1. Which one of these is farther than 30 Å from VAL229 by Cα, outside any loop (DSSP other than H, G, I, E, B) and not aromatic (Phe, Trp, Tyr): ALA323, ALA371, ALA275?
2. Look through VAL105, VAL118 and report the one residue that is in a loop (DSSP other than H, G, I, E, B), in contact (Cβ under 8 Å) with a residue 60 or more places away in the chain, surrounded by 18 or more Cβ atoms within 10 Å (Cβ to Cβ) and in the same structural domain as HIS70 (by TED's automatic domain parsing).
3. Just to be sure I understand, how many residues within the range 247-265 are in contact with a Ser or Thr (Cβ under 8 Å, 6 or more places away or on another chain) and either outside the structural domain of THR276 (by TED's automatic domain parsing) or assigned to a loop (DSSP other than H, G, I, E, B) (or both)?
4. Against the conditions (1) in contact (Cβ under 8 Å) with a residue 40 or more places away in the chain; (2) within 20 Å of GLU51 (Cβ to Cβ); (3) part of a loop (DSSP other than H, G, I, E, B), where does THR148 fall short? Just the number, please.
5. Can you work out which of the residues in the range 138-176 that are surrounded by fewer than 21 Cβ atoms within 10 Å (Cβ to Cβ), farther than 21 Å from ALA90 by Cα and of a type in the set (Ser, Thr, Tyr) is modelled with the highest pLDDT?
6. Going by the structure shown, is ASP322 out of contact with any Phe, Trp or Tyr (no Cβ under 8 Å at 6 or more places or on another chain) and at pLDDT below 95?
7. Can you tell me which residues in the range 199-238 are out of contact with any Leu (no Cβ under 9 Å at 6 or more places or on another chain), of a type in the set (S, T, N, Q) and surrounded by 13 or more Cβ atoms within 10 Å (Cβ to Cβ)?
8. Taking THR259 as the residue in question, decide whether it is of a type in the set (Ser, Thr, Tyr) and under 16 Å from ASN288 (Cα atoms).
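The values are calculated or read from the model by the stated rules, or taken from the named source; none is laboratory data. This structure is a prediction, so every number in the text was calculated from the model and none was measured. Note that we place each Cβ from the backbone using ideal geometry, even for glycine, and neighbour counts take in every protein chain shown.
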Amino acid sequence: MSSWSTKAAHTLHQKLSSIVAVMLLVSAPFFVAVTPSVASAASSGDITISEFMADSATIADADGEWIELHNNTGAAIDLSGWSIDDGGSAHTFGSLIIAPGTAAVICRNSSTASNGGVVCSDSWAGMSLSNSGDTITVYDDLANTIDTVTYTSGDVTTGHANTVVSGTIGSESSARYHADNFGTPYGTALLDETPPVISNLRPADGRHVRGIFETRAWASDPDSAISDVSLSVTGPVNSGPHAMVFDGTQNRWEYPLDTNALGLTDGVYDFTFTATNGDGLQTTRTVNNITIDNTRPLATLTTPVHGSSTSGVVAISGTASDAHLVRWRLRIRDTSTNTNILSYVSTDTSNITYNWNSAGYNGNYAIILTAYD
């Protein structure tokens, strides 16, 4: 190889080496500078107020209040320059990034030792969530409203965080969405979809009742305590709902129903029992065709007549009237010993007759006819 070609080859090699080196230096930062994408602009609902604690049960509000913000998008959102307002004071965020599908918790007191153990993403000492109701609003860095929640005193239950699901505020005492004390920051609040169970109802279908009688119901719920059980009566006269009383010794709900005091006239009724749990879910069960009958049957003996003398076979007959007559009973009593010498029962209410062979009996006897409904 000539000296020129050797020098040219060497020079070319140096240039190629320089090019390769430059390419490596240029490309190296590409691998180490990769970061998750952060949304540059937000729309209403991208960040939502998903849960808040306004009234802690075990620590002072100054330490226990917090607000959870949830990122509903598929990209991280930087809250730098954003603000949050509770109607009385406002807080502007520094560098706070919420990853997609996750949440950040803003605490009034960021110390886990004194705030109930809540790990905080940011602190806002001026936070003051009123127990009588308030409005929480989140604004982006251009002061656009991203989400707002207004709650009332009826939504606040001491010791229970309030969740916000599709704009609906819930707490353990007022809706299906609830959490235990200190709530579920960063987590998912329990959705109670299981209604109570009612069983062992009294009276049962088709029963006949009169006067004052006790109604009963057993109610249970695996997720929430039973808050109340009520009874409503529908028929010729409607009555209720009547609040039943829980008997802890028998683990049942009871209500003494006084048909006369409530003005329930004779007739056929339905009894509806309704159980409500602490989350507002209800279950109803109805027992049907309960006959209320406060009118006693009327029974009359037609033969023999009172005070008559008889012998041999004595034909006994009578009548009975009632809307719900089911049977009649005949008794013959020796008045000298006050003992029954005969008792006869029949369900044939259309034929009230009996032939008594009185042979061997002497003295005074009482014939008693009783009708039953």
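1. Only one candidate qualifies: ALA371.
2. Details: VAL105 fails: in a loop (DSSP other than H, G, I, E, B).
Going through VAL105, VAL118 in turn, the sole match is VAL118.
3. 3
4. Of everything listed in (1) in contact (Cβ under 8 Å) with a residue 40 or more places away in the chain; (2) within 20 Å of GLU51 (Cβ to Cβ); (3) part of a loop (DSSP other than H, G, I, E, B), THR148 misses just condition (3).
5. The extreme case among them is SER153.
6. Answer is yes for this residue.
7. The answer is SER220, SER227, SER230, SER232, THR234.
8. no
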